[in-house]
1. Report yes if residue 464 is over 15 Å from residue 508 (Cβ atoms), in the same structural domain as residue 536 (by the TED database), small (Gly, Ala, Ser) and open to solvent by 40 Å² or more (accessible area, probe 1.4 Å), otherwise no.
2. Does residue 508 fit the bill of being outside any helix (DSSP H, G or I), open to solvent by less than 30 Å² (accessible area, probe 1.4 Å) and over 21 Å from residue 255 (Cα atoms)?
3. Quick check on my filter: what residues within segment 423-443 are in contact with a strand residue (DSSP E or B) (Cβ under 9 Å, 6 or more places away or on another chain), open to solvent by less than 50 Å² (accessible area, probe 1.4 Å) and in a loop (DSSP other than H, G, I, E, B)?
4. Among the residues in segment 271-285, are any out of contact with any Cys (no Cβ under 6 Å at 6 or more places or on another chain) and either modelled with pLDDT under 90 or assigned by the TED database to the domain that holds residue 435 (or both)?
5. Being under 25 Å from residue 179 (Cβ atoms) and either of a type in the set (Lys, Arg) or open to solvent by 20 Å² or more (accessible area, probe 1.4 Å) (or both) is the filter here; which residues of segment 137-149 pass it?
6. Any residue at all in segment 273-284 that's surrounded by 15 or more Cβ atoms within 10 Å (Cβ to Cβ), under 25 Å from residue 127 (Cβ atoms) and among the aromatic types (Phe, Trp, Tyr)?
7. If I filter segment 258-267 for residues that are in contact (Cβ under 8 Å) with a residue 12 or more places away in the chain, β-branched (Val, Ile, Thr), within 29 Å of residue 435 (Cα to Cα) and surrounded by 18 or more Cβ atoms within 10 Å (Cβ to Cβ), do I get at least one hit?
Amino acid sequence: QFPFGRRLPCDIYWHGVSFHDNDIFSGQVNKFPGMTEMVRKITLSRAVRTMQDLFPLEYNFYPRSWILPEEFPLFVAEVRMMKDSDPSWKPTFIVKPDGGCQGDGIYLIKDPSDIRLTGSIQSRPAVVQEYICKPLLVDKLKFDIRLYVLLKSLEPLEIYIAKDGLSRFCTEPYQEPTLKNLHQVFMHLTNYSLNIHSENFIHSDNVNTGSKRTFSSILCRLSSRGADVKKLWSDIISLVIKTVIALTPELKVYYQSDIPAGKPGPTCFQILGFDILLMKNLKPMLLEVNANPSMRIEHEQELSPGVFENVPSPVDEEVKVAVIRDTLRLVDPQKKKRKDVQIILPKPFERRQHIESCKNKVNLRYSYVMCYRCQTSEHVSEANEELPGAGLADRPEYDSTRSPEAGLPSLCLKQVFPKYAKQFNYLRLVDRVAALFIRFLGVKGTTKLGPTGFRTFIRNCKLSNSNFSMASVDILYIDITRRWNSMGIDHKESGMCLQAFVEAFFCLAQKKYKSLPLHEQVASLINFCEYHLAALDEKRLVCGRG
């Protein structure tokens, strides 16, 4: 740990919460700029809603959502309209504070009038969603799935999914929501941080039982009942890829702001936690995405009143150690250079013994970092620390002909993109809109488009004509920008944010291609703009040669 910074460059920087260094000029950082902001509940809901407007069927894995307080009148009106059209519809809604985590501030309601609008919702915006009333139950309990996803690269897009995850259970038997049981959080909310305080919470001593289990143990159980587990995995992979595609446009804007093209800077990767709920029919639904999923592999156990001890959690260890280990294997910049080091992974029991032996050398919570460095069958001496392979060839267990990873398990992280890119590239329309937005930002390091940049975009793409004058362009810019800024979207800079530009772009597409569905309108306008910009670039290139 270097709490006050470090002068010497590193291969990999591992930040605790978010990307926050301006003086890293090389190596790799385990956080993307802007990721924490992008997966907040409101921003995620907006990003997915944009994709739902374009591709409603492909993005039906996210519950219908409204943003409070700005969309409260719309929420009331839509619920009233749906009830009028179907009097038997008796919905339940779940209210989630925008910046909340670990179940903080979440509550259930049956009617819009039950929302606590006084004070808190104004100072703490929230998302209200349709509550999924018919979840899949195991042992009569509701549960969710925490899957770990590695975003290894943004450009080109590279996504990996861990082959196993965690299943986190409620601690009271599930009943569909009624006015009498809405407040019973141990029945309705799967958050580990809430249920651990229930007297019914069971700390597991294996991966198949208790209030936290491996996802693979649930899949085995479903498979034994005849469920199509392969289709379930395919649906989950599709959900993850589509969600990342929804997030990448704005992430690219943040990225070019913090790490401008052409300047020295690090590359980024990040482990994300996807929280997914299975419906009774095995359809996966996205609950939220966590930018900083907990990587703890122990839990607190109360020995006596007020006295706690950290106890290893076999379930967390089984899943999380593999995710961290294989993330480091995938991003390891020295992987190709090290041909003479054999790494032997100790079994979980041996690893726990190793932790005990390391206690005098490092703090317990960092012992796995040390284990990763000394996973050979013997400790490398301090004298040889700078030469990882020193002395290994003399050991009986070392075989110089074997690959450096010969002793490691196969990767627990499975590449899903670009592996399945052909199936999903048609969804990346907003990515192409973001590329246009970034092109016309002008000043490096900014995230908002000024009026001059917007006018230049219109001119260069030849979008103005007798029916759409430059005066109309200015009015469109002012109206949309003013509305987005009134929503409290980042007042540090003035100008048009990406979401506002996307709305303006959709508006232009609908004006120009009136008879087509929205996604075809947008695709047609993108092609039109890219054609004229390519012609302009070619003309400039010819002039430059001349």
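The values are calculated or read from the model by the stated rules, or taken from the named source; none is laboratory data. On a predicted model such as this, the values are computed, not experimentally measured, just so you know. Virtual Cβ from ideal backbone geometry, glycine too; neighbours counted across all protein chains shown. Accessible surface areas use protein heavy atoms only, side chains included; no ligands, DNA or RNA. Shrake-Rupley method; radii C 1.70, N 1.55, O 1.52, S 1.80 Å.
1. So residue 464 does not fit the description; no.
2. no
3. Those that are in contact with a strand residue (DSSP E or B) (Cβ under 9 Å, 6 or more places away or on another chain), open to solvent by less than 50 Å² (accessible area, probe 1.4 Å) and in a loop (DSSP other than H, G, I, E, B): 440, 441.
4. Going residue by residue through segment 271-285, those that are out of contact with any Cys (no Cβ under 6 Å at 6 or more places or on another chain) are 271-285.
Then drop every residue that is not either modelled with pLDDT under 90 or assigned by the TED database to the domain that holds residue 435 (or both), which leaves none.
Within segment 271-285, not a single residue is out of contact with any Cys (no Cβ under 6 Å at 6 or more places or on another chain) and either modelled with pLDDT under 90 or assigned by the TED database to the domain that holds residue 435 (or both).
5. 137, 140, 141, 142
6. For segment 273-284, residues surrounded by 15 or more Cβ atoms within 10 Å (Cβ to Cβ), under 25 Å from residue 127 (Cβ atoms) and among the aromatic types (Phe, Trp, Tyr): present.
7. Yes, there is a match, as at least one residue in segment 258-267 is in contact (Cβ under 8 Å) with a residue 12 or more places away in the chain, β-branched (Val, Ile, Thr), within 29 Å of residue 435 (Cα to Cα) and surrounded by 18 or more Cβ atoms within 10 Å (Cβ to Cβ).
Conditions tested, residue by residue: (1) in a loop (DSSP other than H, G, I, E, B); (2) in contact with a Cys (Cβ under 6 Å, 6 or more places away or on another chain); (3) in contact (Cβ under 8 Å) with a residue 24 or more places away in the chain.
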site	(1), (2), (3)
37	no, no, yes
52	no, no, no
61	yes, no, yes
77	no, no, no
88	yes, no, no
94	no, no, yes
